[in-house]
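Structure, as structure tokens:
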Amino acid sequence: MKVVTGTTMQEIDRRTIEEFGVPGLALMENAGTGCVAAITELCDSTGRAVVVAGKGNNGGDGFVVARLLRENGWQVATFVIARKEEIGGDARVNLERLGDGAVTFCSEPGMLGHYVAALREADVIVDALLGTGLRSEVTGVYAEAISLVNAAGPPVLAVDIPSGIDAATGKVLGTAVRADLTVTFALAKCGHVMYPGVTFTGSLKVVDIGIPGEVTDAAPGLEFLEADAIRPLLRKRERTSHKGSFGHCLIIAGSTGKTGAAAMAANSAVRSGAGLVTLAVPASLSPILEAKTTEAMTLPLPDGDLGYLVNADQAFIDNALEGKNAVAVGPGLSLHPETVQLVRRLVSTVSLPLVLDADGLNAVAGEPEVLLHKKSPALILTPHPGEMARLAGCSVTDVERGRTTAAREFAEYHGVYVILKGARTIIAAPDGRLAINGSGNPGMASGGMGDVLAGILVALLAQGYEPFTACRIGVFLHGHAADMVAAEMGEIGMAAVDVQERLPYACNQLIQ
Ligand SMILES: NC(=O)C1=CN([C@@H]2O[C@H](COP(=O)(O)OP(=O)(O)OC[C@H]3O[C@@H](n4cnc5c(N)ncnc54)[C@H](O)[C@@H]3O)[C@@H](O)[C@H]2O)[C@H](O)CC1
Ligand SMILES: [K+]
């Protein structure tokens, strides 16, 4: 599904009202109606509802909810965390429709605290404090209202988005409502599916409020990757297929002490459907890798018996690249200066789809402009936040503060694909396309998971998937396989090889 930022949603609103003549009041009425339908579903009979409203249109939605619930036989108490004169526009119209007597204004600190009993005795609390208009840290009476709502006990329905959650990033701005259910309008927001926002959202319901499809279709957004989004991307196999039909990928990896990374990348490529896999490793380590892999072929590269790749003659590289469809460079490579030089040379000479992972990324981080001279038509980088920070020359905090922006800006500037790993991995294409991955779990926080992903990606590229598709399938499949493992063994002690071995089952579950 497509997810959008709050700013984009407000532009959708504007276009709907100004270009398509749909009154804002109608949108607000439909928004409130959608919330009431969800409340009716949540609570099997009428009862007592408390609406806690802010001064903007999120509050306006809340007033519509209060009026409609009352018309449906509910006892409703509405508390407004603002002064009446602060409320205008469509929200004011609906405040008036509700009638003064039905509303208690609690604009000063401590005032809402006098009504804790009403909050505790409610059958449902409606959070209509802040929506996509949230602009800064929540403090003062709004923060007080949020903590009272969170402490009250009854189920909480958040209007549009839990108050305090940034619709663009999912970050908590100071404090946020923990909702059991969130009813949002027309399109889900990034903040609903990104951490920590997703844990505050509860279950999410997207309701139609009469915004024309051509407006939502035209709006810029990110693709949230779920099984239904990936299923149609996976190609079934022709009965007449043979191993040549599924490409031959080359993985350049490994150094003393890090032979496991090379093996997991190669074995994961096998498990992701590559026709042939060749693993190029430092010659002195080749016997080890011969033992750690079976289906993958190993190719010893000169290492002067050092246990890491040196800046080999181009002839060795050309020979390794011969007949291949895709290349991955990096798992366990090490950062010896000669290896770093080799990686940078590969970036500027390899004209095949190329995955740069782990030490391959760190080799480039010292000189990211080498990416501007890349030869590959499809260069995919797979940084975790620390590697992203080194590549972008900023701090991890900077990266994590705006993951989507960090990935998108780096991808567009350098003309590369960026897979920024983490809870809700971000995928950014050089042309601006963006995706957020919905699979995966904390069991993946262990060594080797990145090597598995690198093997998946290079195998998909070798099979001819276009790069953004390979990124989306690969990242989702990686997390989906890990979810299958977690379902069986839990999230503690899950090993990368467990995920590697579950890849075919995960793929099979999707392709049906
Ligand atoms: N098409 C739609 O999605 C529709 C959405 N609706 C609802 O409208 C809100 C957005 O309304 P808006 O007035 O722009 O802002 P909010 O109500 O979210 O915020 C109110 C107001 O609060 C101020 N504010 C901002 N940050 C803070 C803060 N940290 N602390 C205190 N106050 C803050 C700021 O002045 C805001 O204007 C959307 O979420 C939907 O619920 C329409 O009703 C129907 C169509
Ligand atoms: K809200």
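The values are calculated or read from the model by the stated rules, or taken from the named source; none is laboratory data. Because the structure is predicted, anything quoted here is derived from the model rather than measured. FYI the Cβ positions are ideal-geometry reconstructions off the backbone, even for glycines, and counts take in every protein chain you see. Note: areas computed on protein heavy atoms with side chains; ligands, DNA, RNA excluded. Shrake-Rupley method; radii C 1.70, N 1.55, O 1.52, S 1.80 Å.
Among residues of region 340-351 that are farther than 15 Å from PRO282 by Cβ, those with a beta-carbon under 8 Å from a residue that is assigned to a helix (DSSP H, G or I) and open to solvent by 50 Å² or more (accessible area, probe 1.4 Å) at least six positions away or on a different chain give the pairs VAL347/HIS373; SER348/HIS373; THR349/GLN314.
Taking region 234-264 as the range and being of a type in the set (Ser, Thr, Tyr), open to solvent by 20 Å² or more (accessible area, probe 1.4 Å) and part of a loop (DSSP other than H, G, I, E, B) as the test, the residues that pass are THR240, SER241, THR256.
Conditions tested, residue by residue: (1) within 15 Å of the chain's Cα centre (by Cα); (2) on the phi > 0 side of the Ramachandran plot.
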| position | (1), (2) |
| --- | --- |
| TYR413 | no, no |
| VAL416 | no, no |
| THR425 | yes, no |
| ALA429 | yes, no |
| ASN437 | yes, no |
| GLY440 | yes, yes |
| ALA445 | no, no |
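The set of residues in region 82-133 that are closer than 30 Å to THR8 by Cβ and part of a loop (DSSP other than H, G, I, E, B) comprises ALA82, ILE87, GLY88, LEU129, LEU130, GLY131, THR132, GLY133.
Taking the criterion of being more than 12 Å from ligand 2 (Cβ to nearest atom), modelled with pLDDT of 95 or more and either among the hydroxyl-bearing types (Ser, Thr, Tyr) or outside the structural domain of PRO196 (by TED's automatic domain parsing) (or both), the only residue of region 159-179 that qualifies is THR175.
Restricting region 168-210 to residues that are assigned to a loop (DSSP other than H, G, I, E, B) and touching an Asp or Glu at 6+ places or on another chain (Cβ under 8 Å) leaves a set whose member that is nearest to ILE146 (Cα to Cα) is VAL177. Scanning region 267-288 for residues that are touching a Pro at 6+ places or on another chain (Cβ under 9 Å), assigned to a helix (DSSP H, G or I) and buried (at least 23 other Cβ atoms within 10 Å of the Cβ) returns ARG271, LEU285.
The numbered conditions (1) closer than 28 Å to ASP431 by Cα; (2) in the same structural domain as GLU137 (by TED's automatic domain parsing); (3) open to solvent by 10 Å² or more (accessible area, probe 1.4 Å); (4) within 20 Å of the chain's Cα centre (by Cα) are all true for LYS205 except (1). Scanning region 151-161 for residues that are away from ligand 1 (no atom under 16 Å from the Cβ) and outside any loop (DSSP other than H, G, I, E, B), we see that the one that is least open to solvent (accessible area, probe 1.4 Å) is ALA152. Per the listing VAL124, VAL141, the residue uniquely away from ligand 1 (no atom under 16 Å from the Cβ), open to solvent by less than 30 Å² (accessible area, probe 1.4 Å) and of a type outside the set (S, T, N, Q) is VAL124.
Could you please let me know if ALA91 is buried (at least 23 other Cβ atoms within 10 Å of the Cβ), over 18 Å from VAL156 (Cβ atoms) and within 14 Å of ligand 1 (Cβ to nearest atom)? Here the answer is yes, as ALA91 does meet what is asked.
Looking only at region 180-196, which residues are within 12 Å of ligand 2 (Cβ to nearest atom) and either without any contact (Cβ under 8 Å) to a residue 24 or more places away in the chain or open to solvent by less than 10 Å² (accessible area, probe 1.4 Å) (or both)? Those that are within 12 Å of ligand 2 (Cβ to nearest atom) and either without any contact (Cβ under 8 Å) to a residue 24 or more places away in the chain or open to solvent by less than 10 Å² (accessible area, probe 1.4 Å) (or both): THR182, VAL183, THR184, LYS189, GLY191, HIS192.
Selection of first residues in region 159-174 that are free of Cβ contacts under 8 Å to residues at least 24 places away in the same chain and of second residues that are assigned to a loop (DSSP other than H, G, I, E, B), restricted to Cβ pairs under 9 Å at least 6 apart or on distinct chains, gives an empty result.
When the residues of region 310-329 are filtered to those that are outside any helix (DSSP H, G or I) and modelled with pLDDT of 95 or more, the one that is most open to solvent (accessible area, probe 1.4 Å) is GLU322. The single condition among (1) closer than 30 Å to PRO504 by Cβ; (2) assigned by TED's automatic domain parsing to the domain that holds VAL65; (3) at pLDDT below 95 that MET194 does not satisfy is (3).
Of all residues in region 190-217, those satisfying the criterion of being among the hydroxyl-bearing types (Ser, Thr, Tyr) and farther than 17 Å from THR7 by Cβ are TYR195, THR199, THR201, SER203. If only residues of region 331-345 that are outside any loop (DSSP other than H, G, I, E, B) and in contact with a Gly (Cβ under 8 Å, 6 or more places away or on another chain) are counted, the one that is least open to solvent (accessible area, probe 1.4 Å) is VAL343.
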